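Beneath this line is the structure, given in structure tokens, with notes to follow.
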Amino acid sequence: MTELLHMKDNYIREFDAKVVAVGDCYVALDHTAFYPEGGGQSGDRGMISDGTTTLTIVNTKKDSGEVQHLVEAPIAISNGADVHGSLDWNWRYESMRFHTAQHVLSRYLQLNYQVITVGNMIKPDKSRADYSPLESFDDEMKRKVEAGVNEILAKNLDVSIKFMQRRDAIDYLNEKGYQTRYLEMVPKSVKEFRVIAIGNYDVASCAGTHVKNTREVGAIKIGKTKNVGAGKRRIYFSLVN
């Protein structure tokens, strides 16, 4: 199992680690600050170096608890080597901003339109999320939602991370009105949940990366929307710096 440094600190940009496995197209470390693709968020990019050879990481994924740093070129770093990792910070930070924005957007739609989030894709430049039941999303509603979400973001709400035992987390998130049906899908072997709180506005069980305060997000701009199934609508959004 790779220790995930981002779980406690999303702002780690560089770190030292040891190579514990080398595959045909990946390197695994004993611990890493690279976020592995999952939960709708794209994997991190960056560099890993042993002081002689530098590998360009083009994506990061997780396989049975092992985080795999994917590379395009032949791997010239050996198992057991001490390495230094550095994130493509622009890529990571944009993902953090988008992910926090998506949480606020989803909470706004839940509170004001009684819809739930059924999917999302978080990545730099433009992200999206799927909502149900949501048959239509006309221009008037788009403007109202956009303004409402940006009003929340402009409140400069602190974003915090805390860890809770499974039963306590489920009870707490139920009390706060979170979509706890997704929590039941988490394997029973997972005893501790990571909970993200955005001020008093939103709480969610989430392993993704987030900013420390909504002021870092700026504002969102809602783009096109489309129907992606019975009563399910996909909303695309970008960030306005």
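For region 201-212, check the following and say yes or no: at least one residue is exposed (fewer than 14 other Cβ atoms within 10 Å of the Cβ) and at pLDDT 90 or above.
no
Of the residues in region 30-66, how many are in a loop (DSSP other than H, G, I, E, B), closer than 20 Å to H210 by Cβ and modelled with pLDDT under 95? Spell out how you get there, then give the answer.
Initially, region 30-66 is screened for residues in a loop (DSSP other than H, G, I, E, B), giving 30, 33-37, 39-40, 42-45, 50-53, 64-65.
If we keep only those that are closer than 20 Å to H210 by Cβ as well, we get 33-37, 39-40, 42-45.
Going one step further and asking which of them are modelled with pLDDT under 95, we end up with 39-40.
The qualifying residues number 2.
Suppose we keep only residues that are in contact with a Gly (Cβ under 9 Å, 6 or more places away or on another chain) and closer than 16 Å to A147 by Cα within region 108-131. Which one would you say is surrounded by the most Cβ atoms within 10 Å (Cβ to Cβ)?
Checked region 108-131; the qualifying residue surrounded by the most Cβ atoms within 10 Å (Cβ to Cβ) is Y108.
Which one of these is out of contact with any Leu (no Cβ under 9 Å at 6 or more places or on another chain), modelled with pLDDT under 95 and of a type in the set (A, V, I, L, M): M7, M1? Reasoning before the result, please.
Numbers: M7 fails: modelled with pLDDT under 95.
When all the criteria are applied, what remains is M1.
Among the listed residues N156, N150, N174, identify the single one that is surrounded by 17 or more Cβ atoms within 10 Å (Cβ to Cβ) and assigned by TED's automatic domain parsing to the domain that holds R194. Don't jump to the end; show me each part of the working.
Values: N156 fails: surrounded by 17 or more Cβ atoms within 10 Å (Cβ to Cβ); N174 fails: surrounded by 17 or more Cβ atoms within 10 Å (Cβ to Cβ).
Result of the check over N156, N150, N174: N150.
The values are calculated or read from the model by the stated rules, or taken from the named source; none is laboratory data. Since we're looking at a predicted model, the values are computed, not measured. Every residue, glycine as well, gets a Cβ built from its backbone with ideal geometry; the counts of neighbours run over all protein chains shown.
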